[in-house]
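Every number here is computed from the coordinates shown, using simple stated rules; none is lab data. Just so it is clear, the structure is predicted and the values come from calculations on it, not from any experiment. Positions of Cβ are backbone-derived with ideal geometry, glycine not excepted, and every protein chain shown enters the neighbour counts.
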Amino acid sequence: MKNIKKGKITIVITAGLACFCLALVMSMQFKIVNETDITSIENMRETELRTELANWKSKYEETNQKYEETQSKIKEYKETKQSNEETEKLVDSELEQVNQTLGKTDVEGEGIEITLRDSENEEVPKIIADDLIAIVNSLKLSGAEAISINDERIINMSDLVDISNSFIKVNGQRILAPYVIKAIGNQVYLESGLLGNGGHVDSMKKLGQDISIEKQNKVNILKYNDEIKAKYLE
């Protein structure tokens, strides 16, 4: 009986101690919870969020600034490119006009074609370089924009000379009859300048020389192939 009572007492004491320890732990937990500043935690979380938001705002502003700078550069590049393209087109157009004036490009347009043949009649004067020069000058005065003789382009520096009454040289190239002179310009003006009273072709015809003039809507004149060199300019 004594042993049974001792066992019960031991169990009661053990259970009591366990309950005491549990109560002590719970009391400590409640104390910690009560001492914790909930507001402080909330404030800390809010501060972190504000900081994070500020960081994202800063990153956004930085990215947006880079985007605007990039857009500005793209716009500037497009404007510069467009300006360069317009300048390039203008330069090309002016260069083409200069080349046409210098005779360095093939050209096409309405005009006339004059063909001169040496007559078989020995009493009829033979066609010489001076005849061709006179016709060329007349065409220029009548507004010819381009002239060629046997496909040799006539420019301001072209030379037409007789070689021992055997043949004619144009631009240093030997040419023989028939002489075909092409001219681009107003057909009426060009023809009138040659055949009008006092015109050189009219005078040649009166001498019996064989000359024909044909109006054409499409006259093709080749470019001047030699290098243009100034003889006296420094």
Mind giving me the nanometre distance, one decimal, between the label points for Val180 and Ser93, set 7 Å out from Cα along Cα→Cβ? 3.5
Surrounding net charge for Val180, when Lys and Arg each add one and Asp and Glu each subtract one, Cβ distance under 9 Å: -1
With respect to the cross-link table entries Lys89/Lys169; Lys104/Lys205; Lys140/Lys218; Lys89/Lys215; Lys78/Lys104, which display a Cα-Cα separation exceeding 29 Å? Lys89/Lys169; Lys104/Lys205; Lys89/Lys215; Lys78/Lys104
Residues with beta-carbon under 9 Å from that of Gly103, excluding Gly103: net charge, scoring Lys, Arg +1 and Asp, Glu -1? +3
Net charge of Cβ neighbours under 12 Å - reference Leu207; Lys, Arg +1; Asp, Glu -1: -1
Of the residues Gly109, Ile213, Ser138, the Cα lying farthest along the dipole of region 103-221 towards its positive end, which is defined by charges on the beta carbon of Lys, Arg, Asp and Glu, belongs to Gly109
With Rh as the Kirkwood radius over Cα pairs, region 103-221 has Rg/Rh of 0.94
